[in-house]
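The values are calculated or read from the model by the stated rules, or taken from the named source; none is laboratory data. The model shown is predicted, which means the values in this text are computed figures rather than measured ones. Using ideal geometry, Cβ is built from the backbone for each residue, glycine included, and neighbour counts are taken over all protein chains shown. These area figures cover heavy atoms from the full protein model, side chains too; ligands, DNA and RNA do not enter into them. Shrake-Rupley method; radii C 1.70, N 1.55, O 1.52, S 1.80 Å.
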Amino acid sequence: MQLCHTPAALSAAFDEPNLIASAGLVPGVALADRIGLRGLADEWLTVPGSTGCAGAKVMSLVVGMLAGADSIDDLDLLRHGGMDKVFIDVRAPSTLGSFLRNFTFGHVRQLDAVASRALIGLAEVVPTLLAGGDGLVMLDIDDTVKPVFGATKQGAQHGYTKVKGLNAQVATISTAQAAPVIASARLRRGAAASAHGAVRLVRDAVTTTRRAGATGQILVRTDSAFFGHAFVTAVTKTGAWFSVGARQDKAVRRAIASIDPDAWVRIQYSQAVLDTDTGELVSAAEVAEVPYRAFTSHRTPVQGRLIVRRVPERNRTKLADAAQQGLFTVWRYHAIFTNNPGSLIEAESQHRGHAIVEQVIADLKAGPLAHLPSKSFQANAAWLASATIAFNLTRAIGVAAGGKFTKAEGATVRTRIINTPGRVSRSGRRQRLHLPRRWPWAEHWQTLWTTVMTT
């Protein structure tokens with residue numbers, strides 16, 4: 001591929017008033033209108049200075065994130081070219097920055113309520129968003145530290161990653177047929193423990209999951225950071241099952257030691273997984289289980305199963321410390337505490353699927369959560385809540401487009417569907433979008449248009 005003219009014969013000018021860079025925002029905004037996002041924000045938000053216009057500001061935030069904005073200044077991309085010919089009531093970045101800085105903790109919780117109801121609306125308008133919701137529904141909870149670099153960032157601290165940042169806790173919903181959507185998210189100070197606030201989060205997430213139309217059994221999956229009496233008890237009270245990584249304290253190690261040597265079953269991974277200690281790829285392991293009564297120091301211990309996976313220890317330092325040097329196998333153990341009644345192999349495999357939440361976190365960090373743009377903690381918390389709405393709306397757009405976009409990453413949907421360039425023309429009191437000829441994903445784009453704009 002090469003230029004068809006010499007550079008001297010080419011010129012460029014930003015002078016086309018009818019061109020828009022993100023024609024996919026048209027069906028995207030239409031989808032947001034169908035779930036009443038603007039009306040929900042007007043109804044629930046009481047942010048000072050935004051009476052009667054909170055909905056327009058939330059829409060501007062969310063739609064800007066749909067197009068790829070990851071900072072307040074980036075929201076100005078909503079005002080280029082012919083955008084004013086297809087959208088009205090777009091707010092300037094300075095207005096949106098002031099709006100975010102006026103948030104308090106209570107206002108953030110109000111926006112969380114808007115996000116929850118937006119997801120419920122999306123599940124109604126795009127029924128396949130939670131396809132398979134009548135079967136086993138996975139509710140995954142995890143947290144991540146988002147590095148920040150401003151010296152005046154409120155709440156920024158060095159947490160368990162030893163990196164200065166803010167901590168975001170995320171709960172996602174997925175099924176065997178549906179890619180994950182975000183049920184709930186919270187922003188915490190950087191040094192917050194992973195499980196801090198998880199009881200409230202899981203209660204809200206289970207409620208949202210049910211209201212979004214999931215009728216099947218819910219399985220809550222977390223890593224060992226959430227292994228605690230309060231969290232596990234809260235999950236059981238909602239009627240959900242739990243599958244939580246177990247910290248290997250003395251009681252857990254005793255339970256592992258009690259497993260019959262003949263009880264171990266070999267499993268083969270469909271795809272090799274990376275051993276973070278050695279950097280090797282592991283393609284097989286052995287699993288076994290033993291009944292386990294956890295949290296016996298509390299009045300209400302929890303009865304369940306301890307499912308243990310073991311792989312040969314490959315870390316040379318640990319082998320040397322154990323003075324084994326390969327004379328006989330030294331194992332590394334990973335334990336799961338669960339009340340999932342499925343078979344041993346099934347329950348262990350289902351827990352490993354918890355890693356899907358990491359992809360959601362990566363999606364957020366590759367999109368609107370690339371930055372936490374304000375020094376105000378509550379402004380950043382509101383930014384995260386808006387990002388969850390944008391993430392779910394992007395997922396709904398992908399599902400409506402069909403094909404490979406049903407489970408595609410947010411960046412893929414944004415690049416190939418939302419950020420499709422187009423030219424706006426008007427004739428006979430009707431507007432028309434002229435899109436690129438031979439656009440590789442035109443069929444999916446047209447499917448989205450038909451689904452949202454004509455049904």
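Data overview
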item: Among (1) over 28 Å from Val126 (Cβ atoms); (2) within 26 Å of the chain's Cα centre (by Cα); (3) not small (Gly, Ala, Ser) - the single one Val58 does not satisfy; result: (1)
item: Output for region 286-299, where each listed residue is more than 21 Å from Ile259 (Cα to Cα) and either at pLDDT 95 or above or among the polar types (S, T, N, Q) (or both); result: Ser297
item: From Val114, Val148, Val125, Val137, residue being within 17 Å of Ala400 (Cβ to Cβ) and touching a residue at least 60 places away in the same chain (Cβ under 8 Å); result: Val125
item: Inter-residue pairs, beta-carbon under 9 Å, first farther than 9 Å from Ala382 by Cβ and part of a helix (DSSP H, G or I) and in region 93-111, second β-branched (Val, Ile, Thr) and open to solvent by less than 40 Å² (accessible area, probe 1.4 Å), 6+ apart; result: Pro93/Ile72; Ser94/Ile72; Leu96/Ile72; Gly97/Ile72; Gln110/Val47
item: Some residue of region 432-439 being closer than 23 Å to Gly106 by Cα, at pLDDT 95 or above and either in a helix (DSSP H, G or I) or open to solvent by 70 Å² or more (accessible area, probe 1.4 Å) (or both); result: no
item: Options Thr222, Thr236: the member that is at pLDDT 95 or above, hydroxyl-bearing (Ser, Thr, Tyr) and open to solvent by 30 Å² or more (accessible area, probe 1.4 Å); result: Thr236
item: Of all residues in region 300-351 being β-branched (Val, Ile, Thr) and modelled with pLDDT under 90, the one that is nearest to Arg247 (Cα to Cα); result: Val311
item: Conditions (1) open to solvent by 20 Å² or more (accessible area, probe 1.4 Å); (2) within 17 Å of Asn392 (Cβ to Cβ): number failed by Gly24; result: (1)
item: Residue satisfying condition, being of a type outside the set (Ser, Thr, Tyr), on the phi > 0 side of the Ramachandran plot and open to solvent by 10 Å² or more (accessible area, probe 1.4 Å), within set Gly39, Gly52; result: Gly52
item: Condition check for Ala67: over 20 Å from Arg416 (Cβ atoms) and either surrounded by fewer than 21 Cβ atoms within 10 Å (Cβ to Cβ) or of a type outside the set (Lys, Arg) (or both); result: no
item: Count of residues meeting criterion [without any contact (Cβ under 8 Å) to a residue 60 or more places away in the chain and in a helix (DSSP H, G or I)] in region 1-41; result: 7
item: Lone unmet requirement of (1) out of contact with any Leu (no Cβ under 7 Å at 6 or more places or on another chain); (2) under 27 Å from Thr172 (Cα atoms); (3) in a strand (DSSP E or B) for Pro291; result: (2)
item: Contacts under 7 angstrom Cβ, first residue in region 154-167 being at negative phi, partner of a type in the set (S, T, N, Q) and not in a loop (DSSP other than H, G, I, E, B), 6 or more apart; result: Gly159/Asn167; Lys164/Gln157; Leu166/Asn380
item: Qualifying residue in region 357-376 (condition: more than 18 Å from Val170 (Cα to Cα) and not in a loop (DSSP other than H, G, I, E, B)); result: no
item: Subset of region 440-455 that is modelled with pLDDT under 95 and not in a helix (DSSP H, G or I) - its residue that is surrounded by the most Cβ atoms within 10 Å (Cβ to Cβ); result: Thr455
item: Any pair with Cβ under 8 angstrom, 6 or more apart, that starts in region 67-92 at a residue that is in contact (Cβ under 8 Å) with a residue 12 or more places away in the chain and assigned to a helix (DSSP H, G or I) and ends at one that is open to solvent by 40 Å² or more (accessible area, probe 1.4 Å) and of a type in the set (Gly, Ala, Ser); result: Leu77/Ala21
item: The one condition in (1) farther than 24 Å from Gly342 by Cα; (2) hydrophobic (A, V, I, L, M, F, W, C); (3) surrounded by fewer than 22 Cβ atoms within 10 Å (Cβ to Cβ); (4) touching a Ser or Thr at 6+ places or on another chain (Cβ under 9 Å) that Phe149 fails to fulfil; result: (4)
item: Among the candidates Val252, Val199, residue that is part of a helix (DSSP H, G or I) and open to solvent by less than 10 Å² (accessible area, probe 1.4 Å); result: Val252
